[in-house]
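Heads up: the structure comes next, in structure tokens.
The values are calculated or read from the model by the stated rules, or taken from the named source; none is laboratory data. Just so it is clear, the model here is predicted, and its values are computed rather than measured. Heads up, the Cβs are rebuilt from the backbone with ideal geometry, glycines too, and the neighbour counts pull from every protein chain shown.
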Amino acid sequence: MPTAIIERTDIPLMPIGEAYDMGRAPDGKPLFDPRIFDSREFARNPYPYYRILRDHYPVYHDKLHNCFYLTRYDDITTAYMDDEGFNTIPKGASNPVLGNTQLELSGVEHRRRRNLYGQHLVGNSLNARIPAIERLASEMIIRFSGSGADEMATENTAGRRTVELGKAFANEFPIRVVCQVLGFPEEAQDKFFYWYYSMMTGLGGSETARQGLEARQDLEDYVAGLVVERRANPTFLCDNDGNSMGEDIISKLSRTQIDGDWLSVEEVTSNIALIVGGGGETTRGAILNMWYLLLSHPEQFAAVRADPSLFQQAIHETLRHSSSIGGQPRHTSYDITMRGVTIPGGSLVNCVDFSANHDDRVFKEPERFDIFRDDLYTGKLIRNGYDAEGKHSHMAFGVGPHLCPGAWISLQESILGSEVLLKHLKNTRMNLDRMPKDINGVTLAPIGGGAIRELWIDFDA
Ligand code: HEM
């Protein structure tokens, strides 16, 4: 999405769900001012503005930021499925920090990279890792919930414990899971967290970019030694009984040749950065957004508590209602006309997944969080967005050839982690006093676009 160019400071903060009136055309059609994209109002309350775009300007030419927006579910699916017409090159500001990755490739080159390690993130290999994921979740949760635990900035009062769930659990849990499948040496994991956070903040292309680049270089220096070591002595992932399930991802990448050449240290590092960058913040957001939404819908939380298998529906509905990723950029390879608008070849096209997920042509009352909704597909992942009966999946993992390869492992992490939380934390409720408030100073600040920043909870000690 574009970065701020000119902020209109006179755009008021509106009640959630209501759009600021940007004027009307003579025929009554609402006008759309692209400066809204740079406003604080849009960051906290994007959905009513996407509704205007979907209903009135489904292929919107934003002349201020020199790009196009696709906002309807069907149009975004068309673009993602057509990786020839809507190519993935280049991705913009993230490149220097992430490096060249499969995100920017298409066709055969893309498939070759994608198939290198995909097997560790799905299927039997992942199933065999489930006990290890559960064990890790338990260890982390017992640290802040068990007797005498106080290292996680918890507050203890008679019978009650307060904790920020991100800091205590969700920020690190997904990264630790991914470090395991990567085969990242345990002794370097603390350093790895520093590299990870620096690279993630550096992705913004802001003043933190330098720190991101430095962290990437440090990581690359470390990986250079690791590649030599693993090429000679690969390490393996094991199931719960100690049986080998094949080389871990770093060993696999280190020992891969394409057309007779080893993958370079730079390529191995980029893949590590992509896997952790793609799976850390996103899964953190999925876990925290789900708990926020469930705790603010007590009747649905009660249903999940009574039957934890409902976490499966809850996580899919969370990813539809409040995904942690807003959308993906594409570039047109040639002129493409959609809904009467010609997008010239070489244009930047923002495919807004947030908006697809709230398209009422697909999902009834899309602003409502409802884990029991009957119009959301929640089964095995599908590549084209809908199943044989025409039921649509959410768009949080994308669609088409770049469909997130980490989707399955992140769903498992979110569900297993949440089941363990439920088991250990009795009578969990949100600590409303400590939660950030909205503009009226009373109701909770909305999730807005992305992941919630903090989630304070209380539970019985
Ligand atoms: C809730 C969690 C997650 C969300 C919402 C998410 C979202 C996405 C989306 C939307 C894409 C498609 C990008 C595009 O079309 O250009 C993607 C790609 C990718 N994701 Fe995820 N992701 C999540 C978790 C993970 C995890 C846990 C991993 C790794 C363990 C991962 C690794 C990747 C990789 C490697 C790609 C690039 C795929 C390609 O270009 O072929 N993601 N993700």
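Looking across L425, L403, L381, L421, one residue alone is surrounded by fewer than 16 Cβ atoms within 10 Å (Cβ to Cβ) and within 30 Å of R135 (Cα to Cα). It is L381. None of E104, E134 is modelled with pLDDT of 85 or more and over 17 Å from E247 (Cα atoms) except E134. For the range 302-341, a residue qualifies if it is of a type in the set (D, E, K, R) and within 16 Å of the ligand (Cβ to nearest atom), and the qualifying residues are E317, R320, R330.
Is it the case, given these coordinates, that S324 is within 13 Å of the chain's Cα centre (by Cα), on the phi < 0 side of the Ramachandran plot and either surrounded by fewer than 23 Cβ atoms within 10 Å (Cβ to Cβ) or of a type in the set (S, T, Y) (or both)? Spelling it out, S324 is indeed within 13 Å of the chain's Cα centre (by Cα), on the phi < 0 side of the Ramachandran plot and either surrounded by fewer than 23 Cβ atoms within 10 Å (Cβ to Cβ) or of a type in the set (S, T, Y) (or both).
Of all residue pairs spaced 6 or more apart or on separate chains, those with beta-carbon atoms under 7 Å, a first member in the range 307-334 that is hydrophobic (A, V, I, L, M, F, W, C) and a second member that is more than 14 Å from the ligand (Cβ to nearest atom) are L310/A303; L310/V304; L310/I371; F311/V304; F311/E419; A314/L294; A314/V304; A314/I371. Each residue in the range 37-70 was checked for being within 22 Å of the chain's Cα centre (by Cα), under 19 Å from I325 (Cβ atoms) and not small (G, A, S), and 10 of them qualify. Look through the range 97-108, keep the residues that are of a type outside the set (A, V, I, L, M, F, W, C) and over 25 Å from L213 (Cβ atoms), and return whichever of them is nearest to the ligand (Cβ to nearest atom). If we take residues in the range 97-108 being of a type outside the set (A, V, I, L, M, F, W, C) and over 25 Å from L213 (Cβ atoms), then S106 is nearest to the ligand (Cβ to nearest atom). Being crowded, with 19+ Cβ neighbours inside 10 Å and either among the aromatic types (F, W, Y) or more than 12 Å from the ligand (Cβ to nearest atom) (or both) is the filter here; which residues of the range 177-190 pass it? Once the filter is applied, which keeps residues that are crowded, with 19+ Cβ neighbours inside 10 Å and either among the aromatic types (F, W, Y) or more than 12 Å from the ligand (Cβ to nearest atom) (or both), the range 177-190 yields G183, F184. Among the numbered conditions (1) touching a residue at least 12 places away in the same chain (Cβ under 8 Å); (2) not in a strand (DSSP E or B), the only one that D55 does not meet is (1). Do you know which of the residues in the range 328-363 that are surrounded by fewer than 23 Cβ atoms within 10 Å (Cβ to Cβ) and of a type in the set (G, A, S) is nearest to G85 (Cα to Cα)? Among residues in the range 328-363 that are surrounded by fewer than 23 Cβ atoms within 10 Å (Cβ to Cβ) and of a type in the set (G, A, S), the one nearest to G85 (Cα to Cα) is S333. The residue pairs whose first member lies in the range 392-406 and is within 19 Å of N350 (Cβ to Cβ) and near the ligand (Cβ under 6 Å from one of its atoms), whose second member is among the hydroxyl-bearing types (S, T, Y) and not in a strand (DSSP E or B), and whose beta carbons are closer than 8 Å, counting only pairs six or more residues apart or on different chains, are A396/S323; A396/S324; G398/Y80; H402/Y80; H402/T88; C404/S410.
Scanning the range 111-135 for residues that are farther than 15 Å from P405 by Cα and either within 12 Å of the ligand (Cβ to nearest atom) or touching a Pro at 6+ places or on another chain (Cβ under 6 Å) (or both) gives R129, I133.
The single condition among (1) within 16 Å of the ligand (Cβ to nearest atom); (2) modelled with pLDDT of 95 or more that V268 does not satisfy is (2).
Considering the range 184-220, the residues that are among the hydroxyl-bearing types (S, T, Y) and outside any helix (DSSP H, G or I) include one that is modelled with the highest pLDDT, namely T208.
Tallying residues that are within 13 Å of the ligand (Cβ to nearest atom) and under 30 Å from I16 (Cα atoms) within the range 368-391 yields 1. In this structure, does S296 turn out to be within 23 Å of I371 (Cα to Cα) and in contact (Cβ under 8 Å) with a residue 40 or more places away in the chain? Spelling it out, S296 is indeed within 23 Å of I371 (Cα to Cα) and in contact (Cβ under 8 Å) with a residue 40 or more places away in the chain.
Exactly one residue among I275, I258 is within 14 Å of the ligand (Cβ to nearest atom) and out of contact with any Cys (no Cβ under 7 Å at 6 or more places or on another chain), and that residue is I275. Put simply, of S251, S296 the only residue that is closer than 21 Å to Q119 by Cβ and among the polar types (S, T, N, Q) is S251. Return yes or no: is G449 away from the ligand (no atom under 12 Å from the Cβ), of a type outside the set (S, T, Y), buried (at least 17 other Cβ atoms within 10 Å of the Cβ) and assigned to a loop (DSSP other than H, G, I, E, B)? Against the criterion (away from the ligand (no atom under 12 Å from the Cβ), of a type outside the set (S, T, Y), buried (at least 17 other Cβ atoms within 10 Å of the Cβ) and assigned to a loop (DSSP other than H, G, I, E, B)), G449 qualifies. Only one entry in F37, F144, F68, F42 is surrounded by 17 or more Cβ atoms within 10 Å (Cβ to Cβ), away from the ligand (no atom under 15 Å from the Cβ) and more than 30 Å from M22 (Cβ to Cβ), namely F144.
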